[in-house]
Amino acid sequence: MAQTPAERVTFVPWSQVTFRRPYDIEADWVLMSTCNYRCAYCFWDAGALGAKISTPAGTDRLASFFDRTGLTWLLHLTGGEPFMYPGFLSLCASLTRRHHISINTNADSVRIRSFAETIDAKHVDFIHCGVHEQQRQLKSGKERFIGNVTLLREAGFQVLASCVMDPLLFPEFDEMWHEYADRGVVLIPKALRGPYAGRDYPRDYSDEERELFLTYSRRAAEFYAGWFSRRGEPPSINPFMDGPLFLRDRPDYRGDLCEAGNRFVRIMPDGAIYRCGPADLIGNVAEGWFERRQGPSRCAEKECPYFCEKYRVP
Ligand code: SF4
Ligand code: SF4
């Protein structure tokens, strides 16, 4: 099916993106696995989600590592639930003095108000808020989600709201989507990835489920098209990619050239910096060393496909 004008704005292949924001390197920084939610489809197990948080160093030492590299970083802060990280606001304040951040959150935290009041929105590339509806209902969190998304937007932050399409959600999704949209929070469907309830996603979505997914992705694109065109560079985590690219299978780019190690790295909770996956250690934030690669090299991993699309050499 041909793309609508709004879809053409919200999904531009990275090879065609000409405007780039002023950063040298991006990191997918997994601060910890701990989360206040227990989504059945989460790739962390219950033990990891409930783990006691341990930090590899104080927030000042962590933040100063990035200053000392002499590079400008875009740090994608994720977890777990990053707002639970000890000293998270102070970490964000330190990082945004010289660098840029983006955040992946369930937007359930009471700390979001202080964040909105104290952090410089110009240094926050985007905030991706996942609704995680089954847990949201269990924890009576709908009003907090709508309130926090609205609060962040009103404070000048760029916010995307998405919903992981748990197969159990499809029968009620239409009603749910409208309930949020009527309050100004338009949910972008996000594909489930990996094993879930004895099946493997996205491969095991039915054709009917895929069609519904695409219908709501198109509706959401109408809402977000202006936001995307004002930004220039799309957000690294762009759920509008899921419909065209990730709704049938999980991509496998092993063997392709990729800028990972040079323009992109992954940082794990212990501060270890990997080129991408766990086999290739190239630094440690807490220990203060980083051996940046000098150019592209062959992919040997199967990791988060949003970063693959951004950093794979076409
Ligand atoms: S909110 Fe995210 S990190 Fe937390 S349980 Fe759900 S999927 Fe996992
Ligand atoms: S293509 Fe993806 S999985 Fe492979 S190295 Fe690059 S970012 Fe990592």
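Structure summary
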| read-out | value |
| --- | --- |
| Alpha-carbon centroids, the stretch 193-233 and the stretch 58-82: separation in whole Å | 30 Å |
| Cβ-based net charge around Phe213, under 14 Å, with every Lys or Arg adding one and every Asp or Glu removing one | -2 |
| Ala197 versus Arg298: modelled label distance in nm, points set 7 Å from Cα along the beta carbon direction | 4.0 nm |
| Estimated dipole of the chain in Debye, rounded to 20 [Cβ of Lys and Arg +1, of Asp and Glu -1, Cα centre] | 800 debye |
| Net charge, Tyr224 excluded, C-beta distance under 14 Å - Lys, Arg +1, Asp, Glu -1 | +4 |
| Residue of Leu281, Leu152, Leu168 that the Gaussian network model of the chain assigns the largest fluctuation, springs spanning Cα pairs under 10 Å | Leu168 |
| Proximal aspartates and glutamates relative to Lys142, as straight alpha-carbon distance under 19 Å, when same-chain residues fewer than 8 apart are discounted | Glu81, Asp108, Glu133, Glu154, Asp166, Glu172, Asp174, Glu175, Glu179, Asp182 |
| Global geometry of the stretch 81-212, whether rounded, prolate or oblate, following the gyration tensor of its Cα atoms and the 1.5 cut on a/c | prolate |
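Every number here is computed from the coordinates shown, using simple stated rules; none is lab data. Bear in mind that the values here come from a model prediction, so they are computed numbers and not experimental data. As a convention, Cβ positions derive from the backbone with ideal geometry for all residues, glycine included, and neighbour counts pool all protein chains shown.
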